[in-house]
Structure formats: structure tokens, C-alpha cells
Amino acid sequence: MLAFVKRFSLKRTKHPRGYEDPQVLASETPFTVNEIEALHNLFKKLSTSIINDGLIHKEEFLLALFRNSSMQNLFADRVFYMFDRKRNGVIEFGEFVRSLSIFHPHTPEHEKSSFMFKLYDLDGTGFIQRHELKKMVGALLSETDLGLSEESIEAIVEQTMIEVDTNKDGKIDEEEWKELVAKNPSILKNMTLPYLKEVTLAFPSFVLDSEVDD
Amino acid sequence: MPEIQIVSDNSNTNALFGKYELGKLLGCGAFAKVFHARDLRTGQSVAIKILNKKKLLLTNPALANNIKREISIMRRLSHPNIVRLHEVMATKTKIFFAMEFVKGGELFNKISKHGRLSEDLSRRYFQQLISAVGYCHARGVYHRDLKPENLLIDENGSLKVSDFGLSALTDQIRPDGFLHTLCGTPAYVAPEILSKKGYEGAKVDVWSCGVVLFVLAAGYLPFNDPNMMSMYKKIYKGEYRCPKWMSQDLKRFISRLLDINPETRITVDEIVKDPWFVKGGFKPIKFHDEIDLKGGGGGEVEGVKSLNAFDLISFSSGLDLSGLFAGCSESERFLSEKLAEEVEEFAKEENLKVKKEEYGFEMEGQNGNFMIEIYISRLNDLLAVVEARRRGGDAGCYKEMWNNRLRVKLTSVCDQTPIATI
């Protein structure tokens with residue numbers, strides 16, 4: 001009887017495409033195996049909200065962030081792109097965990113800083129160029145009902161370029177970015193999610209079906 | 001600990017999950033063992049409660065349904081007199097709770113060793129107990145199983161209640177329908193539970209607090225009998241005798257706590273106003289999250305931070321991933337010319353508690369039913385960013401307060417300047 005149950009449960013633990021062994025993920029990230037099991041719970045919820053295939057599609061990501069699967073948001077698009085490390089249009093479980101690990105409170109600041117730089121480097125040139133910065137300020141303002149004039153946007157961008165682009169080549173390189181972050185660490189505030197330290201309490205159902213051996 | 005097999009990581013072969021170094025056994029119950037342990041990363045002492053899943057599921061099949069709820073409840077409780085739950089862990093066969101370690105041990109060991117406490121010391125512990133119980137009741141959480149082994153004393157002599165919210169996990173409700181305590185006595189159980197009527201968690205907790213107070217001040221149980229049926233009968237009839245050294249005032253107070261009729265039994269709100277309870281000067285109990293109210297006055301807006309384009313961008317809701325952890329947080333930012341005075345004025349009108357911070361405010365509703373953090377930063381001469389964040393408490397109350405009141409207030413006061421919601 002017991003053996004039968006065991007075989008049944010083995011069958012049940014067959015995981016969808018993109019699933020990775022929590023042990024392996026735990027060895028590569030600040031998360032424990034249990035925390036990864038808890039994150040898998042969250043992942044299951046996110047990845048089945050629209051299409052039940054165990055992968056997070058863009059619409060599912062937007063739905064989770066905005067309660068609206070067709071939300072237009074440049075920054076959410078960029079975050080999704082950064083999470084989708086294989087660039088195949090979906091976030092697999094391993095990608096989800098590895099990307100979230102950068103947001104862990106214990107992850108060193110330079111990893112967070114570098115992630116954010118790449119996220120803002122819209123064209124992937126290795127620089128945040130002036131037109132990219134302007135596009136992002138515009139995108140942020142369009143999230144608001146605030147109709148700022150072209151000139152005021154230009155003024156905000158100009159002021160920031162003067163402050164950050166210290167070698168005056170019209171674009172922000174990674175060194176200049178690091179200096180800015182050192183001066184103004186609050187720019188990285190979105191890169192730390194305190195909840196990640198509490199995932200076992202936030203998604204505790206793993207305690208019943210944990211696969212960690214005694 | 002022969003049967004506790006330790007899950008280990010390559011880095012530390014003797015540590016639980018490579019994280020906690022298990023020490024000596026602190027306590028042992030029907031389903032659980034509690035060990036002292038050390039968090040290897042921080043050096044901090046913790047208590048690890050280890051439950052055997054199979055045993056637990058056999059005696060309490062409802063566990064699977066309850067466990068999520070119970071842990072979420074524990075997670076929300078943050079109070080100086082409640083033992084904090086840090087994290088949960090699990091293997092195939094066991095569940096581990098990493099909790100705040102309370103150094104001094106069980107309150108009732110103290111009494112069995114040194115006898116009854118003075119009335120003043122009894123009052124001090126009882127005030128702390130009521131502070132914890134009231135805090136939980138204000139959040140709709142009931143202990144339902146307050147008993148000696150759940151009351152601990154830390155090294156500063158403060159009382160800590162353990163297992164709030166975890167009652168279903170350590171549930172002693174047996175097939176006979178009775179609540180049994182681990183030591184096999186129903187001595188702390190309210191009469192309405194014994195009579196198998198429906199009961200209210202708040203009333204039941206007050207009764208148990210009454211029994212605790214009696215034991216503290218008298219040194220023995222109010223209802224006790226070697227014969228279980230006789231003990232039930234005494235509880236049911238509310239038959240107890242106060243020792244002659246007890247003050248009249250305390251006798252009267254205890255009779256209000258140990259009122260067998262839950263309808264007329266004293267409530268927590270009445271307890272904190274009772275003359276015996278407040279005697280000797282007692283600062284009002286806070287049933288809400290700890291907030292320091294110092295430096296509340298002073299209207300001037302000191303140092304509003306100036307922002308560059310990257311600060312501005314970082315306010316995008318698309319960059320705030322806390323939404324993925326639905327229900328964990330809600331926040332909203334908007335651009336406005338609104339500044340501090342309006343926030344403070346609003347708080348006054350709505351009777352909220354406000355704590356001023358460097359660039360913002362923290363506000364809290366009565367009973368701690370919600371908490372809002374407001375941050376104000378200046379973008380340029382015309383615009384400021386106002387950010388509101390729910391810090392805790394009830395999401396509904398927060399939304400009500402923010403969307404329908406504060407936000408309206410802040411946006412309406414300055415209709416001549418542009419306002420934008422992000």
C-alpha cells in the first residue's frame with residue numbers, strides 16, 4: 001500500500017518544461033531549498049493565471065504587476081526582458097528564481113546595480129544614452145496624468161546628464177552609473193524586495209509537500 | 001535527539017538546512033519538540049519547533065487546510081509581548097518553525113519554584129498578557145489555548161506569549177471534542193467550551209487570562225481536582241475560592257474575568273480601564289504596531305530631497321515587483337505640490353497617529369487596523385512626488401483611507417497645480 005502511494009506521488013512530481021531542481025537553484029542563489037519550494041508556489045500561481053503551461057507569459061506578468069494583462073508599461077517590459085534570460089518570450093522557473101535572487105536583501109549591491117544598468121540600457125549598447133533617458137522619463141510621465149511640456153522633460157534630462165555624465169560624451173557608461181549609485185543608493189530601491197526574506201511565511205504550503213530528504 | 005535527523009548542506013555538516021546549529025532540547029510535547037538553535041549567519045539565538053507531519057496529520061487531518069492560514073496569521077503579528085515567527089522550513093516528514101528565542105523560560109516554572117507572585121508583579125505580567133491578547137483580538141486573531149507553557153519570560157523580565165495563531169497546529173482538540181492541554185488538564189478552559197456550545201474566541205481568551213492571573217497571584221489553580229469530571233463541574237459552575245491574602249479589589253477583578261456567562265464577562269476594553277488593572281500608573285496599552293510618537297509636532301518641512309531623472313524613473317509602478325507577491329504591499333505615488341502641512345492636518349482630522357520621518361510620515365489608524373507611510377520628495381520648484389505605501393494592517397481600511405480621503409484631500413487642496421497619479 002505504502003509503495004503504491006509512493007509511486008503515485010513520484011508520478012505526480014513530474015514537472016513542466018523549465019522546472020529546475022530546487023537543490024541546484026539553492027546552490028546558485030541566496031535562497032534555501034525551502035525558500036525555492038515556496039517560490040515555486042508563487043511561480044505556479046503566476047504561470048497558470050492565463051495559460052496553464054507552467055511558464056510565465058508577458059500577459060501573466062503584467063496581470064500580476066498591474067491586475068491588467070494588457071497594460072502598456074516600458075519598465076515592466078524591460079523587467080520581463082531581463083527575467084527572460086534565454087530570450088524566448090517566457091519566464092521559466094529557473095529564470096524566475098535566478099532573477100529574483102538579485103532582489104534578495106543579501107545580494108551584493110554591485111549585482112543589483114549592474115542589473116539596473118542593463119535594464120535602463122534600452123538598446124543594449126552598453127551605455128545609457130541621452131535619448132534612452134528621455135524616453136524613460138517620458139514613459140514614467142505617461143504613467144501619470146501629468147502633461148509636462150517637452151521643455152520641462154528636456155530640462156529634467158539635461159540636469160541629470162550634467163550631474164551624471166562626468167566625461168561629457170553624451171552618454172552614461174557603467175563607471176558613471178556606479179558613481180551615481182554610490183552617491184545616491186536610493187536609485188536602487190526597487191532592486192531589493194524585503195519579502196524575499198519572508199517567502200516561507202508568505203507561501204507556506206510547501207511545508208506539506210516538501211521534497212527535502214530528512 | 002536521536003530521532004531528529006539533521007538536514008545538512010555541504011558548507012556546514014551539522015546545521016539544520018545549513019543555517020541553524022541545533023542546541024539543547026528546550027521542551028517536548030505530544031507532537032512537537034523545541035530546540036535551542038543558533039542562526040549561523042547572524043549568531044542570533046532562535047527556538048526551533050519541530051513537528052512530525054505524519055503524527056500531526058493522523059491526529060489532526062484538518063492540518064492541511066489550516067496550516068497556510070495559521071502561518072499567515074503568525075506572520076502578521078509583531079508585538080513586544082508575542083513570540084515572533086521568523087521562518088518555516090520543512091522536509092518530507094517534518095515541519096520546522098524558527099521562532100524568537102525567549103531566554104528566561106516558562107513563567108509558571110517561576111511560580112512552581114518560588115511560589116506565588118506579589119500583586120504588583122502579577123499585575124505587571126497580566127498587563128503584558130492583555131497587551132498581547134488585545135493586539136491580536138484587534139486583528140481578529142484569537143489564541144484559544146492560552147496556558148502556562150505558552151507564557152514565557154525573557155531576560156528583561158518581559159512576558160512573551162508563544163503559539164498565537166498556531167493553535168490549530170498544536171491543537172489539543174481530541175475526538176471527544178474537549179480541549180486538552182499538554183499537561184492533561186483543562187484547567188484553563190472556559191466553561192462555554194466544556195458545555196460544547198458555540199463560543200467566541202475573544203471571550204474564551206479573557207477567561208484563560210483570568211485563570212492565569214489567579215495562578216500568578218494565588219500560586220495555585222482556581223479550578224482543580226484529581227477527578228476530571230469534578231474539575232469540569234467546578235469550571236462549569238465557576239466554583240473557586242480566593243486565598244485570604246488577596247486584596248478585595250483583585251478578588252472583584254478576578255470575579256469579572258472568571259464570569260461563567262460569556263455575555264457578561266469583562267471584555268478587553270473594560271479590562272484596561274479597570275481600577276485594579278491600571279493601579280500604580282500604567283501607560284495606555286497599544287494594541288497596534290509599535291510606533292514611536294516622539295517629535296510629532298513641528299510643522300516645518302525639513303530637507304525635502306531633490307530628485308534627478310533616475311529617481312523619477314524609479315517611481316514607475318513597472319519597476320515595483322512587490323506586486324508579484326500579491327497582498328504583501330500596496331503603494332501609490334503621485335506627483336503633486338502637496339506638502340507636509342496637509343498631511344499633518346489630515347491626520348489630525350481623522351484622528352490618526354503620525355510619526356514624522358526624514359522625508360515623510362507614517363500614519364496609523366486606531367487599533368492599528370492599517371498603516372500608511374507617506375513620502376514626499378521634491379522634483380523641481382513646482383513638483384513634489386508623494387508616495388503612499390501600506391505598511392501593515394487591513395488592506396480594505398488602507399484603501400478606504402487612502403483613496404477616498406487622504407488622496408482626495410491632497411489632490412484637492414492644490415487644484416491650481418498639476419497632479420498626477422502613478
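Quick note: the coordinates plus some simple rules give every number you see, no bench work behind them. Predicted model, so just to flag it, every value in this text is computed and none were measured. When we count neighbours, we look across all protein chains shown, and the Cβ atoms used for this are built from the backbone with ideal geometry, even at glycine.
For this structure, a couple of remarks:
- Counting Cα-Cα pairs of chain A in 5 Å increments starting at 0 gives whole-percent bin shares of 1, 6, 12, 15, 17, 15, 11, 8, 6, 4, 2, 1, 1, 0, 0, 0.
- Working from label points 7 Å from Cα in the Cα-to-Cβ sense, the A:Lys183 to B:Val278 distance is 5.6 nm.
- Spin-label model, A:Asp209 to B:Met228: label points 7 Å out along the Cα-to-beta-carbon direction sit 3.8 nm apart.
- Tilt relative to chain A, helix A:109-120 - C-alpha long axis, 0 to 90 degrees, to 10: 70 degrees
- Relative contact order (%) - chain A, alpha-carbon pairs under 8 angstrom, separation at least six: 22 percent
- Packing-based order for A:120-128, B:139-147, using average beta carbon neighbours within 10 Å, highest first: B:139-147, A:120-128
- Placing a label point 7 Å from the Cα of B:Lys54 along the Cα-to-Cβ line, the residues of the range B:72-110 whose backbone N sits under 19 Å from it are B:90-96.
- The mean number of partner chain beta-carbon atoms within 10 angstrom of a residue's beta-carbon across peptide B:120-133 is 0.
- Cα-Cα pairs of the range B:65-135 separated by more than 14 Å (percent): 72 percent
- With the cut-off at under 12 Å, measuring from each backbone N in the range A:111-144 to a point 7 Å along the Cα-to-Cβ line of A:Asn167 picks out A:127.
- Theoretical ellipticity at 222 nm over chain A - DSSP helices of four or more residues, -39500 (n - 2.57) apiece, nearest 500: -16500 deg cm²/dmol
- Degrees separating the helix A:33-47 axis from the principal Cα axis of chain A, which is the longest one: 70 degrees
- The convex hull defined by the C-alpha atoms of the range B:47-87 has an orientation-averaged projected area of 3.4 nm².
- Semi-axis lengths (Å, descending) of the ellipsoid that matches the C-alpha gyration tensor of the range B:13-98: 22, 17, 12
- Each label point was placed 7 Å from the Cα along the Cα-to-Cβ direction; for A:Val24 and A:Glu150 their separation is 5.3 nm.
- Here the Karplus relation 6.51 cos²θ - 1.76 cosθ + 1.60, evaluated at θ = phi - 60°, turns the backbone of the range B:35-50 into coupling constants of 10, 6, 8, 10, 6, 5, 6, 9, x, 5, 6, 9, 10, 10, 9, 10 Hz, with x for every Gly and Pro.
- Close amide H contacts of B:Ser316 (hydrogens built in the peptide plane, cut-off under 5 Å, sequence separation of 5 or more or a different chain): none are found.
- Seen against the Cα atoms of chain A and their longest principal axis, helix A:2-12 is set at about 30 degrees.
- Among the listed pairs B:Lys251/B:Lys279; B:Lys203/B:Lys251; A:Lys44/A:Lys135; A:Lys58/A:Lys178, those whose Cα-Cα separation exceeds 23 Å are A:Lys44/A:Lys135; A:Lys58/A:Lys178.
- For the range A:101-192, the alpha carbon positions stretch 41, 33, 24 Å along the principal axes, listed from largest to smallest.
- Considering only alpha-carbon pairs that sit under 8 angstrom and 6 or more positions apart, the relative contact order computed for the range B:13-98 is 22 percent.
- Other protein chain C-beta atoms within 10 Å of residue C-beta, averaged over A:71-80: 4.
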